[in-house]
Amino acid sequence: MGLTNLLIMIGIVMLTSVAQVVMKLGTTGARLATQAADTGLIQRFVAMLASPLVLLGLGLYLLAAIVYLRALSEMDLSQVYPFVALSYVFTMAAGFIWLGETVHLTRVAGAVLILGGVALISWR
């Protein structure tokens, strides 16, 4: 895998990870707003979909999907798809850094295994 393709794949992973964090922030804010009003499930769902952060997250997913299509057009699926697993690692790190979530040793071990697996798959 060349440097350009590697950077494209890392960009896709980062876009999807940021999308996850942004949507988490959007759904949390919408949830708090609807809990105060004691609304039903449908109203909560609508409030989440109306959240600017949720919409931004969905937009980032769309952008990542468009870039992913470019990657698929130029690389083998068997090489591109495993990079999607890196989004688990990046999203876990983002949750820890920006959301203050706890990362247990077992999750770190899983992340290391994912990193190793992706490295093996991308190595020719």
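FYI, it's all coordinate maths here, none of it is from the lab. Note that the structure is predicted; figures quoted are calculated from it, not measured. Glycine gets a Cβ as well: all are built from the backbone with ideal geometry, and neighbour counts include every protein chain shown.
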(message) Taking R0 as 22 Å, what FRET efficiency do you get between residue 97 and residue 67 from their Cβ-Cβ distance, rounded to the nearest 0.05?
(response) 0.40
(request) Put one equal scatterer on each alpha carbon of the chain, apply the Debye formula with no solvent term, and list log10 I(q)/I(0) at q = 0.18, 0.22 1/Å to two decimals. (result) -0.98, -1.18
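Which of the helices in the chain meet the span-like rule: DSSP H, Cα axial reach of 27 Å or more, Kyte-Doolittle mean at least -1.0?
Values: long enough: 3-36 (50 Å, 1.22); 52-74 (34 Å, 1.68).
Passing helices, by number: 3-36, 52-74.
With runs of 4+ DSSP H residues as the only contributors, calculate the mean residue ellipticity of the chain at 222 nm using -39,500 (n - 2.57) per run, divided by the residue total and rounded to the nearest 500.
On the way: 6 runs with 103 residues, N = 124.
Taking each H run of at least 4 residues, the total per residue is -28000 deg cm²/dmol.
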(request) With a Förster radius of 30 Å, plug the Cβ-Cβ distance of residue 76 and residue 112 into 1/(1 + (r/R0)^6) and report the FRET value to the nearest 0.05. (result) 0.75
(message) What's the magnitude of the charge dipole for segment 3-122 around its Cα centre, counting Lys and Arg as +1 and Asp and Glu as -1 at the beta-carbon? Answer in Debye, nearest 20.
(response) 180 debye
(request) Could you work out how far apart the two model spin labels at residue 46 and residue 119 are, taking each label as a point 7 Å from the Cα in the direction of the beta carbon, and quote it in nm? (result) 5.1 nm
